[in-house]
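Some notes on the structure that comes next.
Taken together, the values in this text are just the output of simple stated rules run on the coordinates, not laboratory data. Since this is a predicted model, take the numbers as computed values, not measurements. With ideal geometry, Cβ positions are generated from the backbone for all residues, glycine too; neighbour counts draw on all protein chains shown.
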Amino acid sequence: MVPKIRSASLINITFLEVFTTVSRSRSLLVPLCILAWLTLLLPGISGCSPTTLPSATLAPANTPNSTGQLQSTATPTSTSTPAPVPTPTEALTVEALPTLPPDVCPLSGEKVSDPNVLERRPLAVKISNFPNAVRPQAGLDRADIVFEHLAEANLTRFTAIFLCQEAEKIGCIRSARLIDLEIPAMYKAVLIFSGVSPGLVPRFQNCDFSDRLLSPDPLFRDPDSDDIIYRVPAEGKAYENTLFTDTKTLWQAIERRGWNSRQDLSGLVFAEEPPDGGSPATHLSIVYNALYATAEYQYDPDRQAYLRSVLGEPHLDEVTGEQITVRNVVVLYVNHVETDIIEDELGAHSIEIQLWGEGRAVILRDGRAYEVKWVRRQRPDMLRYVDGEGRPFPLKPGNTWVQVVPLDFEIEIE
């Protein structure tokens with residue numbers, strides 16, 4: 001299958017790279033170089049579909065904020081014309097959750113050999129996916145849940161949640177984004193990250209889990225952060241892509257700080273056998289950026305899991321050298337809003353991914369795809385997945401990758 005590649009997505013990042021390269025020169029030819037490059041390129045893309053992020057906005061409403069309070073707030077500023085948003089309907093009535101056995105991981109549905117691991121606090125680690133040289137990453141295969149989301153310039157980053165498995169190496173670790181004001185709140189997790197852009201500093205310093213941040217950034221730094229998040233230089237990798245950690249070090253660190261305690265992580269249900277219904281789904285293709293950020297999943301019936309690929313190549317783990325396998329893939333359709341917060345030196349804006357309320361989701365498991373809804377009513381709530389009647393939708397026991405996409409984003413399922 002050949003994915004439907006949106007050609008304009010090549011432009012966003014290619015121009016970024018060209019601009020970064022030529023701007024290092026003091027030559028008067030710099031503006032001419034850029035102009036010539038655009039002159040050659042633009043005629044070839046005049047008929048392409050645009051890939052700017054959907055800027056659909058919601059009316060001001062009671063929405064969770066990062067201080068943990070429910071407040072009425074105006075929607076963040078968007079610099080482009082809002083796309084239409086479906087008219088809100090009456091909130092879905094969601095059934096109560098069954099209780100999991102005491103030796104079952106609440107994030108993966110798998111039995112744990114030592115129930116004491118469930119007494120610790122989850123970890124949310126921010127992991128890079130750009131440039132291509134950061135791959136293979138370390139530790140993504142050991143996470144219970146991984147979120148992939150848009151950052152800026154149609155690039156993506158990961159937030160990996162660890163609770164029930166150990167990882168001897170995790171990284172490389174990079175800076176957090178606005179969505180990381182939501183994900184750690186859902187999982188009551190410690191956030192491990194390299195820092196944030198200046199415009200986001202107050203948001204993270206004043207969020208309701210600001211006492212659970214681990215970062216080498218001086219604005220968030222604590223005394224022994226160098227021993228928790230450390231440099232592992234490697235040939236071909238830029239300095240900023242050499243930050244790593246591991247679960248043993250992290251859980252020891254949060255134990256010393258008095259943060260390590262069992263959390264209420266109810267929200268998910270699991271079943272070995274797939275539900276009735278659904279449609280065949282042996283292949284999923286998601287093109288965030290055709291040059292730097294694609295995600296593909298191919299179902300392997302022998303492993304009863306999806307094999308993950310990036311840019312047409314197997315997505316490997318650095319430590320094991322093996323291709324990442326995934327039991328559940330969730331495509332989460334969420335409103336994306338371009339804010340007025342500047343994210344980088346090239347003027348890219350932060351994207352607010354409004355991961356609250358409810359919305360559409362597609363879940364792939366056992367080679368089939370199911371249309372469901374995601375629900376998150378209160379800020380401390382974990383994401384829940386329900387069918388059209390409000391019944392909890394069961395995931396397959398094992399790891400889950402959540403692919404966060406804008407409301408009108410196109411994916412391909414076969």
Please report the spacing between the Cα centers of the stretch 127-148 and the stretch 167-215 in Å, no decimals. 16
Give, in nm to one decimal, the length gained when the segment between Asp387 and Arg303 is fully stretched (0.36 nm per residue of separation minus the Cα-Cα distance). 27.6 nm
Over all pairs of distinct alpha carbons, what does the Kirkwood formula give as the hydrodynamic radius of the stretch 115-256, in Å? 15.1
Per principal axis, descending, Cα span of the stretch 267-361 in whole Å: 47, 35, 24
Cα-based equivalent ellipsoid, the stretch 352-414: semi-axes from gyration tensor eigenvalues, Å: 19, 16, 12
Filtered hits (aspartates and glutamates, Cα-Cα < 18 Å from Lys169, offset >= 8 within chain) -> Asp141, Asp144, Asp226, Asp227, Glu235, Glu240, Asp246, Asp317, Glu318, Glu322
How would the stretch 310-382 be classified by its alpha-carbon gyration tensor: rounded, prolate or oblate, with rounded meaning a/c under 1.5 and the a/b versus b/c comparison settling the rest? oblate
With a ≥ b ≥ c taken as the square roots of the eigenvalues of the C-alpha gyration tensor of the stretch 246-293, please select rounded if a/c is under 1.5 and otherwise prolate if a/b is larger than b/c or oblate if it is not? oblate
Let's test the formula: R0 of 22 Å, r as the Cβ-Cβ distance of Asp340 and Gln205. What FRET efficiency results, to the nearest 0.05? 0.70
7 Å from Cα along Cα→Cβ at both Glu168 and Ala234: what's the point-to-point distance in nm? 1.5
Based on the mean of other Cβ atoms within 10 Å per residue, sort peptides 258-271, 397-410 so the most packed one is first. 397-410, 258-271
